[in-house]
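Have a look at the structure below before the remarks.
The values are calculated or read from the model by the stated rules, or taken from the named source; none is laboratory data. Fair warning: this is a prediction, and the values are worked out from it, not measured in the lab. Cβ atoms come from the backbone with ideal geometry, glycine included; neighbour counts cover every protein chain shown. Areas reflect the complete protein model, heavy atoms only, side chains present, ligands, DNA and RNA absent. Shrake-Rupley method; radii C 1.70, N 1.55, O 1.52, S 1.80 Å.
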Amino acid sequence: MNDRMTTPWGELALARFPEDPRDRLRAWDASDEYLLRHLQGVELSGTVVVLGDRWGALVTALAAHGPTQITDSYLSQEATRANLARNGVGTGTVRLLTTQDPPPGRIDVLLVRVPKSLALLEDQLLRLAPGVHEGTVVVGTGMVKEIHTSTLRLFERIIGPTRTSLAEKKARLIFSTPQAPGKVAATPWPYRYALPEDIGPVSGRTVVNHAGVFCADRLDIGTRFFLGHLPDTRGAARVVDLGCGNGVVGTAVALADPAAEVLFVDESFQAVASAEATYKANGVPGHAEFRVGDGLTGVPEGSVDLVLNNPPFHSHQATTDATAQRMFADARRALRPGGELWVVGNRHLGYHVTLRRLFGNSRLVASDPKFVVLKAVKR
């Protein structure tokens, strides 16, 4: 959906990425608008850093100030590039960093779009804090339902005294006043834990999770169920862990079949870093590739033998199966004839309907009261 956002500096044409004319969700919300209205009266000089800008609305609006964007999302980064171009702004005016990149050494204005993950917020504030000084302007923004007492405590503990604004259109601002520089605590991330002893090839193995990765402090029950019902990969030369998260599924494949070539793919920079760390922590002897990207874009058609997928059904705060549908379509294109897509998902999501439409077939491999594992074969 390509729409126009009114800012204090004029209108902007904005869209999410990848653009889908059927998508009715905008590339900004009331919290972005609230922050930009507030900034109209703020002097934006020096190094301006924008953390968590979801679709590039904030840095596109503030492009004249040469901001640095920091994001965990490949799709957000691509949306930013597209939205800058859409509004006639050269990408050279904005510095695009990921949450894995070293942050700027000095930060004069820090703008934070509160992320869904409290752990990611903690990790990033701790990484940014050494660049913050007593004169730094620090403003956060989010919808009321996204800002909790725990959110404010993080700002207070890491940045300094913190207060919030009144709510406007169900959005709220956060104001933190940095204190005199002191010793900044190191981030506790990444977090490592050992898996239980009853889940096949990864029993007792190490999992490494960077902040913000789904279920970063424990093995989620959907993945655990999937690990108990993975296919025999012998003979599958190229396997994809699509939406790999911390990479435990692809690592299980590599441990069970060292001859397999495993491609780990996710749109989260934190996730792919976690997958690579998990793989390396277990000394897997096989060959692996780690890629941050938009699904299987760039993977040649008919080049994959098996795709394993635990798709998300949220895009930020919105519940949607659009991401799953795109993943399934990507898998079908990338699979060779006879290649298989294996999916785990909540029973109520009805993925079998989508798979039958795309592949012409769907078979139930396993189920419990909450999850199903489905298989579709490319004819």
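Determine whether V49 is touching a strand residue (DSSP E or B) at 6+ places or on another chain (Cβ under 9 Å), within 26 Å of W189 (Cα to Cα), among the β-branched types (V, I, T) and open to solvent by less than 40 Å² (accessible area, probe 1.4 Å).
Yes; evaluated as a whole, the condition is true for this residue.
Do any strands (runs of 3 or more DSSP E) entirely within segment 275-379 hold 3 or more residues that are among the hydroxyl-bearing types (S, T, Y) and touching a Phe, Trp or Tyr at 6+ places or on another chain (Cβ under 7 Å), and if so, which?
none
Out of G105, G66, G92, report the one residue that is closer than 25 Å to E122 by Cβ and either open to solvent by 20 Å² or more (accessible area, probe 1.4 Å) or touching an Asp or Glu at 6+ places or on another chain (Cβ under 7 Å) (or both).
One residue alone meets the criteria, G105.
Identify, please: which residue in segment 256-291 is within 20 Å of C215 (Cβ to Cβ) and either among the hydroxyl-bearing types (S, T, Y) or at pLDDT below 95 (or both) and is, among those, farthest from the chain's Cα centre (by Cα)?
Among those that are within 20 Å of C215 (Cβ to Cβ) and either among the hydroxyl-bearing types (S, T, Y) or at pLDDT below 95 (or both), it is Y279.
Could you check segment 174-202 and list, in sequence order, the residues that are open to solvent by 40 Å² or more (accessible area, probe 1.4 Å) and in contact with a strand residue (DSSP E or B) (Cβ under 8 Å, 6 or more places away or on another chain)?
Scanning segment 174-202 gives T177, Q179, A180, P181, W189, P190, Y191, R192, A194.
Okay, residues lined up against (1) part of a helix (DSSP H, G or I); (2) among the polar types (S, T, N, Q); (3) surrounded by fewer than 24 Cβ atoms within 10 Å (Cβ to Cβ):
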{"site": "G204", "(1), (2), (3)": "no, no, yes"}
{"site": "F214", "(1), (2), (3)": "no, no, yes"}
{"site": "T233", "(1), (2), (3)": "no, yes, yes"}
{"site": "A236", "(1), (2), (3)": "no, no, yes"}
{"site": "V240", "(1), (2), (3)": "no, no, no"}
{"site": "C244", "(1), (2), (3)": "no, no, no"}
{"site": "V249", "(1), (2), (3)": "yes, no, no"}
{"site": "A252", "(1), (2), (3)": "yes, no, no"}
{"site": "V265", "(1), (2), (3)": "no, no, no"}
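Filter segment 276-298 down to the residues that are under 18 Å from A331 (Cα atoms) and among the charged types (D, E, K, R) and list them by number.
Scanning segment 276-298 gives E289, R291, D294.
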